[in-house]
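Remarks on the structure that follows.
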Amino acid sequence: MKITLALTALVGATTVAADSIALGYQLYMGSAIARVMWRDGQDPCNWSNLGSARCPEEGGLGICTLQSNPCEREFSLPANGKKYRLKNCGTNNFSLHYYNSQTFISRGKSAPWSVRCGGDANNQIVKEWEFQCDKPGC
């Protein structure tokens, strides 16, 4: 009986996991063509899910062209409508902040991973960085 109660308490206990935001690039036909940012756990290949970042000055896919420095640019994740900014690109303090308030969210952590979009080896999303939020919904 004591064992059953202990198992019930462990199984019944739930925790809310914090969200994370991923940064990577789209690789098409062997060439990196655009940076992409999405909420981890969403399909980064499905542009129609509005989970990927858009740069206001581009009005298109990705978080700015690969030729542009992604730091200090406003971007949003339409899935949650919040605005973000990357800071300190190329340093050990590479980090994600809220755009308007400048509030620090997380330092970037190297997180290499890739997925084939639609099973197509010529169209992939490559994840390079992850920003772990301290609470759900960042």
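At-a-glance table
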item	result
Cβ pairs under 8 Å, 6+ apart, first in region 102-129 and of a type in the set (A, V, I, L, M), second surrounded by fewer than 11 Cβ atoms within 10 Å (Cβ to Cβ)	Ile105/Asp134; Val126/Pro112
Qualifying residues in region 24-37 (those that are touching a residue at least 60 places away in the same chain (Cβ under 8 Å) and part of a strand (DSSP E or B)) - the one nearest to Pro112 (Cα to Cα)	Gly24
One residue from Pro112, Pro136 being at pLDDT 85 or above and exposed (fewer than 12 other Cβ atoms within 10 Å of the Cβ)	Pro112
Strands (runs of 3 or more DSSP E) within region 86-138 that include 1 or more residues over 14 Å from Ile21 (Cβ atoms) and among the small types (Gly, Ala, Ser)	104-117, 120-132
Number of positions in region 40-62 that are within 20 Å of Arg107 (Cβ to Cβ) and either over 14 Å from the mean Cα position of the chain (by Cα) or at pLDDT below 55 (or both)	1
Selection from region 91-109 of residues that are of a type in the set (Phe, Trp, Tyr) and modelled with pLDDT under 90	Tyr98, Tyr99
In region 66-85, residue modelled with the lowest pLDDT [restricted to those that are not charged (D, E, K, R) and not in a loop (DSSP other than H, G, I, E, B)]	Leu77
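The values are calculated or read from the model by the stated rules, or taken from the named source; none is laboratory data. Just so we're clear, the structure is a prediction, and the values are computed from it rather than from any experiment. As a convention, Cβ positions derive from the backbone with ideal geometry for all residues, glycine included, and neighbour counts pool all protein chains shown.
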